[in-house]
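Asks: Below are the structure tokens for one structure; questions will follow.
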Amino acid sequence: MYNYIIVDDEPLIREGTLKKLEPLSSQICCVGEADNGIQAIELIKELHPSLVILDMEMPVMDGTQLLTYLSENYPTLQLIVISGYKNFDYIKHAISAKVIDYILKPFTDEQIQETVLEAISRLQESESIDAKIRLSEEQREMAYYEHDIQLLQNLILGYAVAENSLSSQQLSFIRQARHIFLAVVYSASQLDAFSPGQHLAELGFLDFSLYLSHPTNTQLAFFILCPPRDAALPAQTFFVKFAEEIISYFNTYNATTYWGLSSPCPSLEQLHTAYEEACTALNSMPVTDAGSHYYSRTAGSVTDIREITWTKKDEFLYRLEAGMTEDVYRLLLELQEYYSSIDGLSLADIKYHYHQLTDECLLILKQYLNQSTPSQSMQNIVQEMFSPAELHHYYKRFFGNLSEMLRPQSVYAVDDTIERMKIYTQRNFQKNLTVEFLSSLFYMNSSYLSHLFKKQTGQKYAQYLNSVRIQKAKELLASSDRKLYQIAKAVGYDNSKYFFRVFKKWEGMTPEQYRALKKS
């Protein structure tokens, strides 16, 4: 039985990690938890664990400082890093400290369990990899090959590596290549199930091509192609023909695949650039595309993102903040149908629009939690999604969870409709608010809502809206040097002259006079 400690300043993350590792309780046991690096060092001195699972972002002593200390003072201690950021400096520290793996939050049960099992395996094996590869030429080549495969995966995905030279003889064609092409392949099915590597061998393509599975995503894979120097076709054409050949192979299994093709990269160091280029090509696919196809982009070309105007956005944000989860799901279904109705819409356009919605929702969440919510892990996940259905499913879960989280503490959790109407106005005065729109939010007849508002407040809704806007304008006039037309825009008046008239009517003076009065 081996022991480990968890070092993370977020109790929920520690609790979640413990739950994910419960299936391994017969092999490894948690003996302590720490909030920061200082506490972790004290625990290590006291408990002598075999494994440490640590975060990088922590108070007092963060992960980079802790890794440096542990690598110097406990060189045999097994280390696993979990982080919400794919930060180059963090990964560099992790590499230098010889950590087992650098796992991005949120991670799956399988990811953490496999990594811990790897740590257990390393603990059980007393000999190093250097000792293993000396046993025989065959074992050495196998070790080199496995190392090179992991190196190529890391280079493609942009993880920092200590060195980037290949050692195995089997992959010598990549070292000697004049052109290196990368294809990123997506399928709704698990690609490894179709044994693409074996098919390459049957075709005799192993001398110039390599199939690589994605380390964590079973629906993504990579093909590296190095066209032979004596090929009859130009290198780019050879790459396209190669892709068409493998697409045909997948089609025999009724497996629809989408391919993003890179332009040639001059060296292994450029593989991540090729990966980003291939992903950009995949993101350019039309959302209505239902058959296997390949997409390519010219290196350095600019992708124009199409702005999507969704008329139900304000209603969606209100329903989410009010914790009306079923209505949120209904609106998301309408959004999905709306996407399908727009001709020529690409996957990149949908991702960008979802990203915009997410940012607005996180701004709402920040008002309740009084802190920013990091979304880097979320962006990493979405980056590797190349199916509209997969995106819709992911965001339905995300927005649904946000809605459920906000429901008990929502400012709209009051029974009185007019009170909710006033709260909404105070929080959204800069928008184009009408009784008709508000009546749709509250599922009421607009005439009746207008009558009810005047009866309860003694003024028409338009008067109340103007009073809120003028009050906000007065605050801006007194506290900032912004130009008058900017202030008018900020409080909901597109027409500056109309703003001046309303302001003078309410305050008996112009905005300039009010500002001068306040400054004097």
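Asks: Mind listing whichever residues of the range 418-439 are of a type in the set (A, V, I, L, M, F, W, C), more than 24 Å from residue 476 (Cα to Cα) and open to solvent by less than 40 Å² (accessible area, probe 1.4 Å)?
Replies: Selection gives 418, 435, 438.
Asks: Pairs please, first residue from the range 1-22 and of a type in the set (D, E, K, R), second anywhere and assigned to a helix (DSSP H, G or I) and open to solvent by 10 Å² or more (accessible area, probe 1.4 Å), Cβ atoms under 6 Å, 6+ apart in sequence or on different chains.
Replies: If the second residue must be assigned to a helix (DSSP H, G or I) and open to solvent by 10 Å² or more (accessible area, probe 1.4 Å), the pairs left are 8/14; 20/109.
Asks: Quickly run through the range 297-314 and pick out the residues that are open to solvent by 70 Å² or more (accessible area, probe 1.4 Å) and either at pLDDT below 75 or assigned to a helix (DSSP H, G or I) (or both).
Replies: Result: 298, 300, 302.
Asks: Could you look through the range 236-265, keep only residues that are under 29 Å from the mean Cα position of the chain (by Cα) and open to solvent by 40 Å² or more (accessible area, probe 1.4 Å), and pick out the one that is farthest from residue 175 (Cα to Cα)?
Replies: Applying the filter and picking the extreme gives 256.
Asks: When the range 440-498 is examined, which residues are found to be charged (D, E, K, R), under 30 Å from residue 331 (Cβ atoms) and open to solvent by less than 50 Å² (accessible area, probe 1.4 Å)?
Replies: Passing the criteria: only 469.
Asks: Go through the range 195-209 and give me each residue that's crowded, with 19+ Cβ neighbours inside 10 Å, of a type in the set (A, V, I, L, M, F, W, C) and farther than 10 Å from residue 226 by Cα.
Replies: 200
Asks: Tell me which residues, restricted to the range 155-181, are part of a loop (DSSP other than H, G, I, E, B) and of a type in the set (Ser, Thr, Tyr).
Replies: The answer is 159, 165, 167, 168.
Asks: So for the range 355-364 (the condition being in a helix (DSSP H, G or I), at pLDDT 90 or above and among the hydroxyl-bearing types (Ser, Thr, Tyr)), does at least one residue qualify?
Replies: yes
Asks: Please go through the range 316-326 and give me each residue that is surrounded by 18 or more Cβ atoms within 10 Å (Cβ to Cβ), charged (D, E, K, R) and out of contact with any Phe, Trp or Tyr (no Cβ under 8 Å at 6 or more places or on another chain), ordered by number.
Replies: The answer is 319, and nothing else.
Asks: Now, a different point. Take residue 480 and tell me if it is of a type in the set (Gly, Ala, Ser) and within 28 Å of residue 322 (Cα to Cα).
Replies: No, not satisfied.
Asks: Would you mind telling me which numbered condition in (1) open to solvent by less than 30 Å² (accessible area, probe 1.4 Å); (2) within 24 Å of residue 250 (Cα to Cα) residue 188 fails?
Replies: Exception for residue 188: condition (1).
Asks: Within the range 1-48, work out how many residues are under 16 Å from residue 119 (Cβ atoms) and crowded, with 18+ Cβ neighbours inside 10 Å.
Replies: So the count comes out to 9.
Asks: Under 6 Å by Cβ, and 6 or more places apart or on different chains, what pairs join a residue from the range 394-412 that is surrounded by fewer than 18 Cβ atoms within 10 Å (Cβ to Cβ) with one that is of a type in the set (A, V, I, L, M, F, W, C)?
Replies: Sorted first by the residue in the range 394-412, then by its partner, the pairs are 396/332; 411/423.
Asks: Of all residues in the range 215-235 being over 15 Å from residue 265 (Cα atoms) and among the β-branched types (Val, Ile, Thr), which is nearest to the chain's Cα centre (by Cα)?
Replies: The residue in question is 216.
Asks: Can you tell which of 33, 57, 46 is outside any strand (DSSP E or B) and either at pLDDT 90 or above or over 27 Å from the mean Cα position of the chain (by Cα) (or both)?
Replies: The match here is 46.
Asks: Kindly list the number of the only condition in (1) closer than 29 Å to residue 248 by Cα; (2) surrounded by fewer than 16 Cβ atoms within 10 Å (Cβ to Cβ); (3) polar (S, T, N, Q) that fails for residue 153.
Replies: (2) is the only condition that residue 153 fails.
Asks: Residues that are out of contact with any strand residue (DSSP E or B) (no Cβ under 9 Å at 6 or more places or on another chain) and within 29 Å of residue 359 (Cα to Cα): list the helices (runs of 4 or more DSSP H) wholly contained in the range 396-481 that include at least 2 such residues.
Replies: Of the helices (runs of 4 or more DSSP H) lying wholly inside the range 396-481, those with at least 2 residues that are out of contact with any strand residue (DSSP E or B) (no Cβ under 9 Å at 6 or more places or on another chain) and within 29 Å of residue 359 (Cα to Cα) span 417-428, 435-441, 461-479.
Residue-by-condition table, conditions (1) closer than 19 Å to residue 120 by Cβ; (2) in contact with a Leu (Cβ under 7 Å, 6 or more places away or on another chain):
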{"site": "10", "(1), (2)": "no, no"}
{"site": "16", "(1), (2)": "no, no"}
{"site": "27", "(1), (2)": "yes, no"}
{"site": "38", "(1), (2)": "no, no"}
{"site": "47", "(1), (2)": "yes, no"}
{"site": "50", "(1), (2)": "yes, yes"}
{"site": "56", "(1), (2)": "no, no"}
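The values are calculated or read from the model by the stated rules, or taken from the named source; none is laboratory data. Just so it is clear, the model here is predicted, and its values are computed rather than measured. Every residue, glycine among them, receives a Cβ derived from its backbone with ideal geometry; neighbour counts consider all protein chains shown. Remember, those area values only see protein heavy atoms, side chains included, never the ligands or the DNA or RNA. Shrake-Rupley method; radii C 1.70, N 1.55, O 1.52, S 1.80 Å.
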